[in-house]
Amino acid sequence: MESVQVVEFVARGSSRDVARAIEQFAQQHGHVSAIVVPWEGTATTLSMSVTSVRADGWAIEHTNLGTITLTDLGDGRTAVAVAGEEPEHAERDRLAAVFNRFALQLHRHFQAGS
């Protein structure tokens, strides 16, 4: 079974701006969804859920793949921590690979200074 990655980096922008950009990035790439989970945030952190979504007619299946934690560092910088969860799913290896690819794409795209 493929293990899921933990990726940490610093991005430019406030945590809310980075969260919106990550949501748009996920939507544009289409393999996963990333949404803010407002009840898990604090004054300085935001939590995002990363899920795989599969539709079959009117039925929609959401599989939780991991969490993105955004911590506002001030000065227009945000610490980003992407942590995967082993999905309880028949296709867990494929889903773990999808999550890992997404985490690495986020790192490349959003890391400050890149």
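Every read-out reported here was derived from the displayed coordinates using simple, explicitly stated rules and does not represent laboratory data. Note that the structure is predicted; figures quoted are calculated from it, not measured. In this analysis, Cβ positions are derived from the backbone assuming ideal geometry, glycine residues included, and neighbour counts consider all displayed protein chains.
Spin-label model, Arg54/Glu85: points 7 Å from Cα along the beta carbon direction are separated by 1.8 nm. The slack between His31 and Asp17, meaning 0.36 nm per residue of separation minus the straight C-alpha distance, is 2.9 nm.
Ranking Gln28, Ser52, Asn64 by how far each Cα lies toward the positive end of the dipole of the chain (charges on Cβ) leaves Gln28 at the top.
Each peptide among 93-101, 70-78 gets the average number of other Cβ atoms lying within 10 Å of its residues, and from highest to lowest they stand as 93-101, 70-78. Ordering of 15-22, 37-44 by packing is 15-22, 37-44, highest average first (other Cβ atoms within 10 Å, averaged per residue).
Pairs of alpha-carbon atoms within less than 8 angstrom and 6+ residues apart define the contacts here; what relative contact order does the chain have, in percent? Write down the numbers at each step before the final one.
Details: 225 pairs, mean separation 39.2, N = 114.
The normalised contact order for the chain reaches 34 percent.
Here the 3J(HN,Hα) profile of the stretch 32-39, calculated from phi with Karplus coefficients 6.51, -1.76 and 1.60 at θ = phi - 60°, is 9, 10, 10, 10, 6, 9, x, 6 Hz, Gly and Pro shown as x.
Here's the picture: a label point sits 7 Å out from the Cα of Arg101 along the beta-carbon direction, and within the stretch 35-54 the residues with their amide nitrogen under 20 Å of it are 35, 50-54.
Of all alpha-carbon pairs in the chain, indicate the percentage at a distance above 20 angstrom. Show your work: numbers first, answer last.
Details: 2418 of 6441 pairs.
That fraction is 38 percent.
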